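K.L.:
Okay, here's the structure, questions in a sec.
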Amino acid sequence: MDSTFSFIIEVIGTIAFAISGIRMAAAKRFDWFGAYVVGLVTAIGGGTLRDVLLDAPVFWMQTWWYLAVTGFSLIFVLIFRKSLVKHLRALLLFDTVGLALFVVIGIQKSLAFNYPIWVAIAMGMITGAFGGVVRDILINEEPRFFRKEIYATACLAGGFVYWITWRCGGAEIFQQIACAATVIVLRFLAVRYSWHLPTLKHDND
C-alpha cells in the first residue's frame, strides 16, 4: 500500500474512532480531558497493539497528527454534542467506519511485514477492535467485542473477503474496498436485523 494513501486511511479511521469514543465519554458525562483520553485510546489502541506484536515502530509515535486529529474530533463533538449523544446511529456510523478502515490497515501492514494471510486477518481484527475494547473498559461498559452482537465477527468476515480477492488476483484497491465494505455492511445489517452469535449459557440457565 502506498504510504501516503495508508496514512490518509489511518487518519480517517482515527477521526472516526476518536469521535465514537468521545461521544460515548460524553454520554457518561466525562470532562473534556477524560473524553479526549477515551477518544485517543479508542483511535490508537488497536494499532498500538498491532505494531507491538509486529515489532514495528508504533504508528502514532512517528507523527503528531494522530494526537491532533483526536483534538479536532473533540472539538467536533463539542460543537455537535446534542445530535451525537442523542442519536445512536451517529455512534454506529463512526464506530463502523473506524472499524472497517482499521481492519484494512491491519491486514495491509501485516502483509507488508511478510506475515502469512492468517496472521494478517488476525491483526486486522486486533487493529479494528482492540481500541474499542479498551474504550468500553474505561467507560465501565461490557466490551462489544465480547458480546453476542456481530462485531469481531465482521472483522473476520472482512479479512476472509480480503483473502478471497487476494487469491483471485484482484487489484489492491479492490481488496481494500471489498474488505471494508464487508465489515460495514455486516455491522449495519446485524444492527438492523438484530443478528447475533449464540451466547454461551450456564448449565442452570
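K.L.:
For every helix of n ≥ 4 consecutive DSSP H residues, a contribution of -39,500 (n - 2.57) applies; sum these over the chain, divide by its total residues, and give [θ] at 222 nm rounded to the nearest 500 deg cm²/dmol.
P.N.:
Here the helix-only value at 222 nm equals -25500 deg cm²/dmol.
K.L.:
Still on this structure: What is the fewest-to-most order of 123, 61, 24 by other Cβ atoms lying within 10 Å of their Cβ? Working shown, then result.
P.N.:
Values: 123 28, 61 12, 24 24.
Going from sparsest to densest Cβ surroundings: 61, 24, 123.
K.L.:
Which residue, 66, 111, 181, has the largest displacement toward the positive end of the dipole of the chain when charges sit on each Cβ (Lys, Arg +1; Asp, Glu -1)?
P.N.:
Going by the charge dipole, the pick is 181.
K.L.:
Placing +1 at every Lys and Arg Cβ and -1 at every Asp and Glu Cβ, with all other atoms neutral, what dipole size does the chain have around its Cα centre, in debye to the nearest 20?
P.N.:
660 debye
K.L.:
Next question. For residue 141, put the label point 7 Å out on the Cα→Cβ axis and report which residues of region 26-44 keep their amide N under 11 Å from it.
P.N.:
26-28
K.L.:
As an exercise, identify the GluC sites (Glu not before Pro) in region 121-205 lying in DSSP coil whose Cβ has no more than 15 other Cβ atoms within 10 Å.
P.N.:
Within region 121-205, the qualifying GluC sites (Glu not before Pro) (loop, at most 15 other Cβ atoms within 10 Å) are 141.
K.L.:
I need the phi-derived Karplus couplings for region 133-144: 6.51 cos²θ - 1.76 cosθ + 1.60, θ = phi - 60°, integer Hz, Gly and Pro marked x.
P.N.:
5, 5, 4, 5, 5, 5, 9, 6, 10, 5, x, 4
K.L.:
Given the chain reduced to its alpha-carbon atoms as identical point scatterers, what log10 I(q)/I(0) does the Debye formula return at q = 0.12, 0.13, 0.16, 0.19 Å⁻¹?
P.N.:
Computed log10 I(q)/I(0) values: -0.58, -0.67, -1.00, -1.34.
K.L.:
Short version: ³J(HN,Hα) in whole Hz for each residue of region 44-53, in order, from phi by Karplus 6.51 cos²θ - 1.76 cosθ + 1.60 (θ = phi - 60°), x for Gly and Pro, what are they?
P.N.:
10, x, x, x, 5, 4, 4, 5, 5, 5
K.L.:
What FRET efficiency comes out for the pair residue 7/residue 196, r = Cβ-Cβ distance, R0 = 41 Å, nearest 0.05?
P.N.:
For residue 7 and residue 196, the calculated efficiency is 0.70.
K.L.:
Students often check this: by mean Cβ neighbours within 10 Å, which of 30-39, 187-196 ranks highest, and how do the rest follow? Don't skip to the end; give the middle numbers.
P.N.:
On the way: 30-39: 18.9, 187-196: 14.2.
Highest mean packing first, the order is 30-39, 187-196.
K.L.:
Let's test this: bin the Cα-Cα distances of region 117-166 at 5 Å from zero up to the farthest pair and state each bin's percent.
P.N.:
All Cα pairs considered, the percentages come to 5, 22, 27, 20, 13, 8, 4, 1.
K.L.:
Which of the peptides 44-57, 96-109 is most tightly packed, and how do the rest follow, judged by the mean count of other Cβ atoms within 10 Å per residue?
P.N.:
For the peptides 44-57, 96-109, the packing ranking is 96-109, 44-57.
Every number in this text was worked out from the coordinates using simple rules, so none of it is lab data. Note that this is a predicted model, so its numbers are computed, not measured. With ideal geometry, Cβ positions are generated from the backbone for all residues, glycine too; neighbour counts draw on all protein chains shown.
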